[in-house]
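Participant: Structure below; questions to follow.
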Amino acid sequence: MSALNELYKEIERCQDCELAKHRIRVVPGEGPERADLFFIGEAPGWHEDQQGRPFVGPAGKFLEELLASIGLRREKVYIANVIKCRPVGNRDPLPKEIEACRKWLERQIEIVQPKMIITLGRYSAARYFPNESISKLHGKARKRGDIVYYPMYHPAAALHQGSLRKTIQADMLKIPEILAQAENLVQAQTEPQQLSLF
């Protein structure tokens, strides 16, 4: 059994917060054991809770369109969420829920070893850029250690606020160039460094 599959079994047994009582399915994440790009959303929604897979509702369809725009299929990237169970009524995740799931996400990142982590939405951005606004962060890549961090609006934001659709599409189109540039930057910084071209 692969390291990811073993981890998924552990996550399925998790009872570390109240969300475990209300879930239908745990939504650990999915993707290859090794992937250059690691997308982190916020929390599973209704569709995800039913299927046990991340980003399978309307926001997921838009994410697949975005990936296609840079020549990728979802099977080639890793996709997860900050929390692994759906909050009741699709409410925002609570700090204690995010903290309870922190270890799972950290272990996924350790296994997958991505070159670039793309945060989708304010809750996943806050993991790496606390107290910074997604409206100011989005589309700006920063490097910390060997990983580039790239905040974007959540795809669902375009479904609620159509004016963000073009912004999200433009931010996605930057990813291949940022990834190519990042490979030439080998540095370990305590603070994330903004890449000069973006």
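Each value in this text was obtained by applying a stated rule to the coordinates, not by laboratory testing. The structure displayed is predicted, hence computed values, not measured ones. Every residue, glycine as well, gets a Cβ built from its backbone with ideal geometry; the counts of neighbours run over all protein chains shown.
Participant: Could you tell me which label, among (i) 26.3; (ii) 16.8; (iii) 10.6, carries the value of mean projected area of the Cα convex hull in nm² calculated for this structure?
Facilitator: (iii)
Participant: How much length would be gained if the chain were fully extended between residue 166 and residue 24, taking 0.36 nm per residue of separation minus their Cα-Cα distance, in nm to one decimal?
Facilitator: Result: 47.7 nm gained on full extension.
Participant: Would you kindly state the longest site-free stretch of the chain, with sites defined as GluC sites (Glu not before Pro) in a DSSP loop (not H, G, I, E, B) surrounded by at most 16 other Cβ atoms within 10 Å?
Facilitator: 34-131
Participant: Okay, next question. Please list, ordered by chain and number, the residues whose modelled amide H lies under 5 Å from the amide H of residue 129; skip anything fewer than 5 residues away on the same chain.
Facilitator: none
Participant: Label the range 54-123 by shape, choosing from rounded, prolate and oblate, from the square roots a ≥ b ≥ c of the eigenvalues of the Cα gyration tensor; if a/c is under 1.5 it is rounded, and otherwise prolate applies when a/b is larger than b/c, oblate when it is not.
Facilitator: oblate
Participant: Also, quick follow-up: What shape does the range 1-48 take by its C-alpha gyration tensor, where a ≥ b ≥ c are the square roots of the eigenvalues and a/c under 1.5 counts as rounded, a/b above b/c as prolate, and the rest as oblate? Working shown, then result.
Facilitator: Values: a/c = 2.48, a/b = 1.40, b/c = 1.77.
It is oblate, given that a/c is not under 1.5 and a/b is not larger than b/c.
Participant: Same structure again: Answer rounded, prolate or oblate for the range 1-90, using the Cα gyration tensor with square roots of eigenvalues a ≥ b ≥ c: rounded when a/c is under 1.5, else prolate when a/b is larger than b/c, else oblate.
Facilitator: Details: a/c = 2.60, a/b = 1.35, b/c = 1.93.
Note, shape of the range 1-90 comes out oblate.
Participant: On to the next question. Using the basic label-point model (7 angstrom from Cα toward the beta carbon), what is the residue 61 to residue 9 distance in nanometres?
Facilitator: 3.7 nm
Participant: What stretch of the chain, leaving out the sites themselves, is the longest with no trypsin sites (Lys or Arg not before Pro) in a DSSP loop having at most 11 other Cβ atoms within 10 Å?
Facilitator: Longest stretch, sites excluded: 92-198.
Participant: Within the set of other residues whose C-beta is less than 11 Å from the C-beta of residue 27, count the net charge using Lys and Arg as +1 and Asp and Glu as -1. Show your work: numbers first, answer last.
Facilitator: On the way: positive: 23, 25, 53, 84, 86; negative: 12, 30, 48, 49.
Result for the local shell: +1.
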